[in-house]
Amino acid sequence: MNKNFYITTPIYYPSGKPHMGHAYSSIIADIFARFKRLEGFDVLFLTGTDEHGQKIQKEAEKNNKDPKKFCDELSETFRSLTKILNLTNNDFIRTTEPRHFKSVNEIWSRLIKSEDIYLDKYSGWYSVSDEAYYDTDEIEDKEGKKISKISGSLVEWVEEESYFFKLSRFQKKLLDHYKKNKDFILPKSRRNEVISFVEKGLKDLSISRTSFSWGIPVPDNDKHIIYVWLDALTNYLSALNFPNTDDKKYTSFWPADVHIIGKDILRFHAIYWPAFLLAANLPLPKRVFGHGWILSDDKKMSKSLGNILDPIDIIKNYGIDQLRYYLIKEVSLGNDGSISMENLKNCINNDLANNYGNLCQRVFSFIKKNCNNKIPDNNNLKENDINLINNIKNNIPKLIDFIDNQNLNDYIKMVVNFSFEANKYFNDSEPWSLKEKDPNRMKAILFTIIVQIKNISILLNPIIPISTQKVLNTINLSNKDISIESIKRDNILDCSLELKSLDILFKKIDNDN
Ligand code: MSP
C-alpha cells in the first residue's frame, strides 16, 4: 500500500493580516495531516504565501514599500500563524523563492511545447482583488460601479497584449476526468457546480499581463508577467523539487492526495489547474475539496464591513484547541457557517469542559484517591465493558472512511458520542459504590473507562492536539504510541506506573468573559 500522503492549503495572499478564513483552511488541512500520520502515513503538509501579481503590487505601493520587502514582512505573519494555530506543516513555500521560479518556468515551457499557448490581445473585465477574469454576463452594476456577480469585487476593463492558454481544448478531457473520478471534486454540490460551468463551454484563458511588473516574467518575453494564478498553482509542484521528476519528494508525493481550498477558488483548482497539468503532461491531483465560508454576523468577513474576526485575539482569550474544536464541531465543513463568541463559549463549556474534560478529570481523581494513583490491572471484564471498548474499535474503518472523504462532521459527531457514552457508563456503573462491596468490579470498570479515555483521546488528537496529549501523557502513553493502531491494543497501558498529574484541561468560560 502507498503510505505517502500529500495535503496542501491554499497559499495565502500576504496583502494584509491573516484572518479567520485563512486560519480555517489551514486548521482543516492540519487535522487531516495529523490523522493520516496517526494512521502511519508519511505525510507532506504544505502551506505558504502567494506573493506576486497586481493585488500585492498595489498593496505594497499603498504602503510605500518595495513589493519584496512588503511580502517579506507579511509572509512572516502567516508563517508565525502556523505556530499559533499549532499546524504540523512540513514546509512553507513562498512564490518569491528561486525553487518556485524554476517550476513555473518549466510549466510555461511545457505549455509552449504542447502548443497550448499563443499570443493575442485580451479585452475584458478583471478583478484585481480576486486576480480573476470575468465574462460580461458575470458582471453587474452596483451603485454606479461594475462588480463581479460571483464575488462582489470591483472589476476594471482591461485591454492589453496577452498570451493565452488554449483552455477551450480541454473541455472534453476535463468532463471525462470528472466523470471517471467521481470524488475528484468534493463535496458533491461543488462538483456539480464545476461540471455545469464546464459544460457551458470554456474560453481560452489569458495567462500573462503587461500593465505591471511584479511577478515572474514570461521566458523570452519579459514585457509579460505570468498570470498570478498559473504562477501560484504551480507552488504545489515547486515544493516537491519539480522539475526534477526523479526527486524522491516528487516521486513519493505527486500527485497530491488533496488540495484543501475555499469554495471561492474552486474554478482555479478544479478547472484551470487540471487543464494546465494535462497540457504539461503531468498527473492530476487526486482530490480538490472546497470548504464553505466562515461568516461573521452571517456575512462574509471583509475589511469594508468591519466584521473581520482575528484568530490571534480569539486564541489569546480562549485557547487554540478550543478554537480548532469549535470550528470543526459547529461549522459543517462543506457549507458556510456563522460563528459567534457566544456559541464558542457554549461549545467550550458543554463539549470540552463538561463532556471530555470532565470525564478525564473525574476518572483520574477517582483513581488517585482509590487505587494508589495507578490504572487497576484488571482484565476481568464483563460483556458490557467489552462491548463499550469494541464499539470504538469496530468503528475504526468507518472513522477512517469519514476522514478519507473529508467528512469531519460525522467524524467528530461519532467521537463526541463515544465520549458521552463513556461518561454515561461511568455514571451508571457507580464505581464509588463498589469500593468495599466489590473492589474487583470497581477495578474492571476503571480499567474499561481508562481504555475509553485513551481511545477517545487518540481520536480527538488531530483536532485538539495539546489537550489530548496532556491526557495521554497522564496515563503514560508514550508519544510513539499515539496512533490508530494503539486503539486496537488494550494491553498498551502500563498499570505499574503512577498517573501523572493533570491541570484543569478546559476552563469554563463565564458569560461576561
Ligand atoms: N492566493 C490565493 C490562493 C492561491 S492557491 C494556489 C487566495 N488567497 S486568499 O488569501 O485570498 O485566500 C486563501 C483561502 O482563504 C481561500 O481558500 C479562501 O477560501 C479562504 N478564505 C478567505 N476568507 C474566507 C472566509 N471568510 N471563510 C473561509 N475561508 C475563506 O485565494
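The values are calculated or read from the model by the stated rules, or taken from the named source; none is laboratory data. These numbers come from a predicted model, not from an experiment. Reconstructed Cβ throughout: ideal geometry from the backbone, glycine too, with neighbour counts over all protein chains shown. Side chains are part of the model used for accessible areas, which takes the heavy atoms of the whole protein and leaves out ligands, DNA and RNA. Shrake-Rupley method; radii C 1.70, N 1.55, O 1.52, S 1.80 Å.
Can you find a residue in the stretch 284-294 that is closer than 30 Å to S457 by Cβ, open to solvent by 30 Å² or more (accessible area, probe 1.4 Å) and either assigned to a helix (DSSP H, G or I) or within 14 Å of the ligand (Cβ to nearest atom) (or both)?
no
Kindly indicate whether G306 is open to solvent by 40 Å² or more (accessible area, probe 1.4 Å) and more than 11 Å from the ligand (Cβ to nearest atom). Please lay out each step first, then the result.
Values: open to solvent by 40 Å² or more (accessible area, probe 1.4 Å): yes; more than 11 Å from the ligand (Cβ to nearest atom): yes.
Here the answer is yes, as G306 does meet what is asked.
So, in the stretch 442-464, how many residues would count as being outside any helix (DSSP H, G or I) and of a type in the set (F, W, Y)?
0
Which number in (1) surrounded by fewer than 24 Cβ atoms within 10 Å (Cβ to Cβ); (2) assigned to a strand (DSSP E or B); (3) not aliphatic (A, V, I, L, M) marks the one condition that P255 misses?
In the conditions (1) surrounded by fewer than 24 Cβ atoms within 10 Å (Cβ to Cβ); (2) assigned to a strand (DSSP E or B); (3) not aliphatic (A, V, I, L, M), P255 misses (2) alone.
State all residues of the stretch 218-234 that are more than 9 Å from the ligand (Cβ to nearest atom), buried (at least 21 other Cβ atoms within 10 Å of the Cβ) and assigned to a loop (DSSP other than H, G, I, E, B); if no residue qualifies, say none.
Y227
When you go through (1) modelled with pLDDT of 95 or more; (2) surrounded by fewer than 22 Cβ atoms within 10 Å (Cβ to Cβ) one by one for I375, which number turns out not to apply?
(2)
Going residue by residue through the stretch 256-271, is there one that turns out to be more than 9 Å from the ligand (Cβ to nearest atom) and among the aromatic types (F, W, Y)?
No.
Just checking, which of D176, D135, D141 is farther than 30 Å from L282 by Cα and surrounded by fewer than 15 Cβ atoms within 10 Å (Cβ to Cβ)?
Of the residues listed, the single one that is farther than 30 Å from L282 by Cα and surrounded by fewer than 15 Cβ atoms within 10 Å (Cβ to Cβ) is D141.
Of the residues that make up the stretch 65-84, is at least one in contact with a helix residue (DSSP H, G or I) (Cβ under 6 Å, 6 or more places away or on another chain), modelled with pLDDT of 95 or more, surrounded by 16 or more Cβ atoms within 10 Å (Cβ to Cβ) and over 30 Å from I458 (Cβ atoms)?
Yes, the stretch 65-84 contains a residue that is in contact with a helix residue (DSSP H, G or I) (Cβ under 6 Å, 6 or more places away or on another chain), modelled with pLDDT of 95 or more, surrounded by 16 or more Cβ atoms within 10 Å (Cβ to Cβ) and over 30 Å from I458 (Cβ atoms).
Can you name the residue in the stretch 144-173 that is part of a strand (DSSP E or B) and over 24 Å from I225 (Cα atoms) and, of all such residues, is most open to solvent (accessible area, probe 1.4 Å)?
K145
Given the conditions (1) part of a helix (DSSP H, G or I); (2) over 34 Å from the mean Cα position of the chain (by Cα); (3) loosely packed, with under 15 Cβ neighbours inside 10 Å, report the number of the one that K480 does not fulfil.
(2)
I'm told T234 meets every condition in (1) touching a residue at least 24 places away in the same chain (Cβ under 8 Å); (2) over 29 Å from K65 (Cβ atoms); (3) of a type in the set (V, I, T) except one. Can you identify the failing condition by its number?
(2)
Where the second residue is assigned to a strand (DSSP E or B) and the first is aromatic (F, W, Y) and lies in the stretch 253-268, which pairs have Cβ atoms under 6 Å and are six or more apart or on separate chains?
Listed by first residue and then by second, the contacts come to F253/N4; F253/Y6; F253/L44.
Answer yes if at least one residue in the stretch 310-330 is touching a Phe, Trp or Tyr at 6+ places or on another chain (Cβ under 9 Å) and open to solvent by 70 Å² or more (accessible area, probe 1.4 Å), and no otherwise.
There is no residue in the stretch 310-330 that is touching a Phe, Trp or Tyr at 6+ places or on another chain (Cβ under 9 Å) and open to solvent by 70 Å² or more (accessible area, probe 1.4 Å).
From (1) outside the structural domain of V228 (by TED's automatic domain parsing); (2) within 15 Å of the ligand (Cβ to nearest atom), pick out the condition that doesn't hold for I312.
Result: I312 passes all but (2).
One residue is enough: does the stretch 96-116 have a residue meeting the conditions among the polar types (S, T, N, Q), in a strand (DSSP E or B) and within 16 Å of the ligand (Cβ to nearest atom)?
Scanning the stretch 96-116, I find no residue that is among the polar types (S, T, N, Q), in a strand (DSSP E or B) and within 16 Å of the ligand (Cβ to nearest atom), so the answer is no.
Of all the helices (runs of 4 or more DSSP H) wholly in the stretch 345-411, which have at least 3 residues that are among the polar types (S, T, N, Q)?
Ranges flagged: 358-370, 383-394.
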